[in-house]
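Below is one structure, written out as structure tokens, with a few remarks after it.
The values are calculated or read from the model by the stated rules, or taken from the named source; none is laboratory data. What you see is a predicted model; the values in this text were computed from it and never measured. Don't worry about glycine lacking a Cβ; one is built from the backbone with ideal geometry, like all the others, and counts go over all protein chains shown.
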Amino acid sequence: MIRAALFLAVFAVGAYSALLGSNECTWGPSHWCSDRKVAERCKSTDYCTEQRLGVFAKTDDLLMSRALLGSKQCTYGPAYWCATRANAKKCGSEVHCDKVGYADELMMSRDLLVGANKCTWGPSYWCATRSNANVCGSGAKAHCEKVGYADEMMASRNLVGANKCTWGPAHWCSSKEAAVGCQMTDWCIEKEAGVFAKKN
């Protein structure tokens, strides 16, 4: 008995879902009005004619309804409205643009390209030289005074290997002059390295 009830329930759901959408007259006005024969079959000719939809639309209505999206500049939004005062006035958005500003006026007070002003590059530029820091203002100068200037630090440091005494035992013990100059004579004698090696 339970199996029979279950079978009937499944069959009813399956039959209903097979029918769902099979009647084109349930598809709505975009389908009904797409063809005169469909409108007749779905008894929607009067509706399509009154609403001027699909093939029932008049040519001038059709042209108006198919205007390209964005063909009216005032639909572009704030980027267009606030580009200039003239745009804002034309689109009735002056109140909004007065609050956020007008792009053409803002651009006149800024560098046109991001990064065109080298002082916006930050500490790596400011502190490369004292002259950069001076040009970029007191904040840049104060920062660089704390961390130092790259050109001055490089000048005060020897490059790796510039001091021959950092070359190690191969150099220290290569001659008596090198050993004395690097203060490694005792070490070279003790290790019997280089010119200080015992001769057999």
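Do we find that GLU50 is among the charged types (D, E, K, R), under 20 Å from TRP27 (Cβ atoms), at pLDDT 85 or above and not assigned by TED's automatic domain parsing to the domain that holds GLY101 in this structure? Judged against the criteria, GLU50 is not a match. Residues of region 128-149 that are among the hydrophobic types (A, V, I, L, M, F, W, C) and not in a helix (DSSP H, G or I): ALA128 alone. Scanning region 180-200 for residues that are part of a helix (DSSP H, G or I) and either of a type in the set (Phe, Trp, Tyr) or under 60 Å from the mean Cα position of the chain (by Cα) (or both) yields GLY181, TRP187, PHE196.
Here is a check on your reading of the model: is VAL160 among the β-branched types (Val, Ile, Thr), under 30 Å from CYS74 (Cβ atoms) and either loosely packed, with under 11 Cβ neighbours inside 10 Å or assigned by TED's automatic domain parsing to the domain that holds TYR80 (or both)?
Judged against the criteria, VAL160 is not a match.
Looking only at region 163-179, residues that are assigned to a helix (DSSP H, G or I) and of a type outside the set (D, E, K, R) come to 8 in all.
Evaluating ALA103 against the criteria (1) closer than 30 Å to PRO78 by Cα; (2) in contact with a helix residue (DSSP H, G or I) (Cβ under 7 Å, 6 or more places away or on another chain) leaves one unmet condition, (2). Any chance region 60-67 includes a residue that's among the polar types (S, T, N, Q) and modelled with pLDDT under 60? Yes, because at least one residue in region 60-67 is among the polar types (S, T, N, Q) and modelled with pLDDT under 60.
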